[in-house]
Amino acid sequence: MSSSTASLAPTDAGHTYVVPDAKGGFAIPTDLLIADKWTAGTSGKRIDVLNPSTGEVLTSVADATVADGLSAVDAAAAAAASWAATPPRARANVLQRCFQSMLEHADWLAQIISLENGKALPDARGEVLYAAEFFRWYAEEAVRINGDLAIAPAGGNRIVVQYQPIGIALLITPWNFPAAMATRKIAPALAAGCTCILKPAEETPLTALAVGEILRRAGVPAGVVNMVNTSDPGPLCSAILRDMRVRKLSFTGSTEVGKILLREASYNVINSSMELGGNAPFLVLDDADLDAAIEGAMIAKMRNAGEACTAANRFYVQEGIYPAFVEKLVEKMGALKLGAGTDTTTQCGAMINRAAIEKITSLVDDAVAKGAKVKLGGKVGEGAGFFYPPSVLADVPLNANLIREEIFGPVAAIVPFKDVEDAIRMANDTEYGLSAYVYTGDLKRGMQISERLEYGMVALNRGLVSDPAAPFGGVKQSGLGREGAHHGLLEFTEAKYIAVSW
Ligand code: ADP
């Protein structure tokens, strides 16, 4: 395991920092973004941001109070009417500039992501490109918010439907994709004509703030995007959701917090989009192309070191291909280099924090105690950073806790099966339903299985589903609504129906 000396350096301007190792970029603000101004907020308190690769403090960010949150709502409210009235083409041009600017600052942003999240630089760079694409996609969608016109069936009038901006949106994001989860919400909100308040995760605020500065410089008008960090998200988010001016909640995070927020949103009947937890099955049938299945498994399991809600959590592999699949996966996962995110040779970065390491350890220990065989890794290493090595567990029994719970780390749990019907039943036996993966050489069979999997997204002979042009989202307790595609835009609109006689 290698460590990194990469860190942040303060500037003379106070509360801003530069990334010494990054090309391009500018000083990262660490305050709250309210009405186009960076402000330290009213608490006088700061939240430490750690580097998970070293366990050390990188810097600190402003800690917003409820009053600061409501100031952000004031700013979003002041900007709402003019942004909604801005011509779609003008909104699209702003989004296009955001896209270009994110690309220009890709290296810089990737460094910030690796520093505060711990993920390997290739993962971080991949995230920045994915994050930027939401601006391009929604720049294109902003001019296609088409309505409907019909003659009422009874013939007496016309039915006119137009999609209007839903109003001020509260956007809450997690730490695992600190850039992409923010842009996946900000871009459609802005395209639809909404103003917003982003509340980034406590662990990874710097990326969001850097994106905030990019957006300001790209010409997003004052108050259209506001950002507040807080060490106590419950009261701040509740106060925002109970402000009558706020009409939309878009959340990505755990199912547990999603349920709390749905209750809060019910107070003022706030329209809610929820991207929650997953427990993705990965099915490999005997007739699958082994090399392709391994390549897909590596992406589905190891992208972001397993810290993704779409990450393959349970591998169900048919008996005929099982020994070869286990052997090859061990070989590939065992070859990955574990290390500090900012180290250029790292392929598997650090986990987000100590609690994540403890959770992975307890799930692995439980599976092993119940009979799973450790084929690779399975033990946390020494050192100050939050590292867990790539691990493979074979013959995992169905009563192991990791069959029910997302492990959110670089651990592949493999279960053999004989009958495809059993595999489908096991795959669907969960309260989650975000993404599933299927590998088979028979496309017709693959389509039939895909239709029977109770998931919002199925990757058939692929290890990656995410695409800004496709509807991302889950069924069951994995969420409500969709992000990306045209669907993601409509989440920030209301259908206005006008019955008209002429
Ligand atoms: P994770 O388990 O991935 O950290 P969480 O659901 O805990 O996911 O966090 C996702 C986001 O939800 C973060 O921005 C976090 O600050 C926020 N959050 C956590 N608890 C609450 C709450 N009670 N109200 C509003 N936001 C919350």
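Being assigned to a loop (DSSP other than H, G, I, E, B), within 8 Å of the ligand (Cβ to nearest atom) and over 12 Å from residue 179 (Cα atoms) is the filter here, so list the residues in region 198-236 that pass it. Before you say what the answer is, go through the steps one by one.
At the first step, the residues of region 198-236 found to be assigned to a loop (DSSP other than H, G, I, E, B) are 200-204, 218-224, 228-232.
Those still in the list that are within 8 Å of the ligand (Cβ to nearest atom) too: 200-203, 230.
The answer is 202, 203, 230.
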Can you pull out every residue in region 252-263 that is polar (S, T, N, Q) and either without any contact (Cβ under 8 Å) to a residue 24 or more places away in the chain or outside any helix (DSSP H, G or I) (or both)?
252, 254
Can you tell me which residue among 331, 307 is under 26 Å from residue 379 (Cβ atoms), open to solvent by 10 Å² or more (accessible area, probe 1.4 Å) and not polar (S, T, N, Q)?
331
Residue 284: among the β-branched types (Val, Ile, Thr), under 30 Å from residue 424 (Cβ atoms) and more than 24 Å from the chain's Cα centre (by Cα), yes or no?
yes
If I filter region 346-354 for residues that are open to solvent by 20 Å² or more (accessible area, probe 1.4 Å), of a type in the set (Ser, Thr, Tyr) and either more than 20 Å from the chain's Cα centre (by Cα) or at pLDDT 95 or above (or both), do I get at least one hit?
no
Which residue, of 242, 217, 184, is charged (D, E, K, R), more than 30 Å from residue 52 (Cα to Cα) and in contact (Cβ under 8 Å) with a residue 24 or more places away in the chain?
242
Looking at (1) touching a residue at least 12 places away in the same chain (Cβ under 8 Å); (2) more than 12 Å from the ligand (Cβ to nearest atom), which one does residue 266 not meet, given that it meets all the others?
(1)
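Go through 408, 387, 417 for me and flag whichever is among the aromatic types (Phe, Trp, Tyr), under 26 Å from residue 464 (Cβ atoms), in contact with an Asp or Glu (Cβ under 6 Å, 6 or more places away or on another chain) and crowded, with 19+ Cβ neighbours inside 10 Å.
Numbers: 387 fails: in contact with an Asp or Glu (Cβ under 6 Å, 6 or more places away or on another chain); 417 fails: in contact with an Asp or Glu (Cβ under 6 Å, 6 or more places away or on another chain).
Only one candidate passes the filter, namely 408.
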Search result, residues across region 128-150 that are in a helix (DSSP H, G or I) and touching a residue at least 60 places away in the same chain (Cβ under 8 Å):
130, 131, 133, 134, 136, 137, 138, 141
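The values are calculated or read from the model by the stated rules, or taken from the named source; none is laboratory data. In this text the structure is predicted, and so the values were computed from the model without any measurement. All Cβ positions, glycine included, derive from the backbone under ideal geometry; neighbour counts span all protein chains shown. Side chains included, ligands, DNA and RNA excluded: accessible areas come from the protein's heavy atoms. Shrake-Rupley method; radii C 1.70, N 1.55, O 1.52, S 1.80 Å.
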